[in-house]
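Below: the structure, in structure tokens.
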Amino acid sequence: MKQNTTAIYDVDTLNILSPDKISLTENESGYLSLSYDGKEYEKVDLTRLVPFNDENKYISVSYKNEEDEWKEIGVINDLNELPTDMKNTADGYLRLKYYIPEIKKINRITDNQMGYLFLEAETTAGEKKIAVYDWWHNFRVIHGKMLAVTDSDGNRYSVPDVDKLDKASIKRLQLFI
């Protein structure tokens, strides 16, 4: 018996962009434009595919097509392979997109027993009161040392090395990591 099947998803292959064919510029509006291999793309977006391992490697470049869908143009293997001005443009865009203040000290953690934790912390962006809903899913320990925190508004914070926090901060965190 012959069976009819229909593909549900289109599976693309990874397209590594050649650094010598890339021209990346920032418009006056702050959006990025890309010229690649004779094609022009407006309002492109850069995304780190492995953001916690190496910030300069595997950068996805995508744009919105006529149907208002994001489509990947390809992946920049390493930003360091780009000319300095384009690397600086990409770095600036990614620094803004991935702004993640570091938590330097935790002064207090309060659990309201209704799913929220409230952290009073000193960060690289000043003193913050951070509300974390469902801490079980929004406190992530990465590589055994780094703590990634996502607050209830989607803002991200990090502790690059939990062991380097002061003893009181570590003691406050022990119940939750």
Worksheet entry | Pairwise FRET efficiency - Tyr98 versus Ala168, Cβ, R0 = 45 Å, nearest 0.05 | 0.95
Discussion item. Per residue of the range 98-115, what does 6.51 cos²θ - 1.76 cosθ + 1.60 with θ = phi - 60° give for ³J(HN,Hα)? Whole Hz please, x for Gly and Pro, Karplus curve as stated.
Written reply: 10, 5, 9, x, 8, 7, 9, 7, 10, 7, 6, 10, 10, 9, 7, 6, 10, x
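Work out, step by step, the length gained on full extension between Met146 and Lys105: first 0.36 nm times the residue separation, then minus their alpha carbon distance; give nm to one decimal.
Roughly 13.3 nm would be gained on extension.
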Item to complete: Find out how many positive minus negative residues lie around Trp70, taking Lys and Arg as positive, Asp and Glu as negative, among other residues whose Cβ is under 11 Å from that of Trp70.
Response: -2
Worksheet item: Given 5 Å bins starting at zero, what is the percent of C-alpha pairs of the range 103-173 in each, up to the one with the largest pair distance?
Response: 4, 17, 29, 31, 15, 3, 0
Worksheet entry | Total formal charge among the other residues, if their Cβ is under 15 angstrom from that of Gly144, Lys/Arg +1 and Asp/Glu -1 | +1
Fill in: Over the chain - Rg/Rh using Cα atoms and the Kirkwood inverse-distance radius
1.09
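Coordinate-derived values only; no laboratory data. Because the structure is a prediction, the values reported are computed rather than measured. Virtual Cβ from ideal backbone geometry, glycine too; neighbours counted across all protein chains shown.
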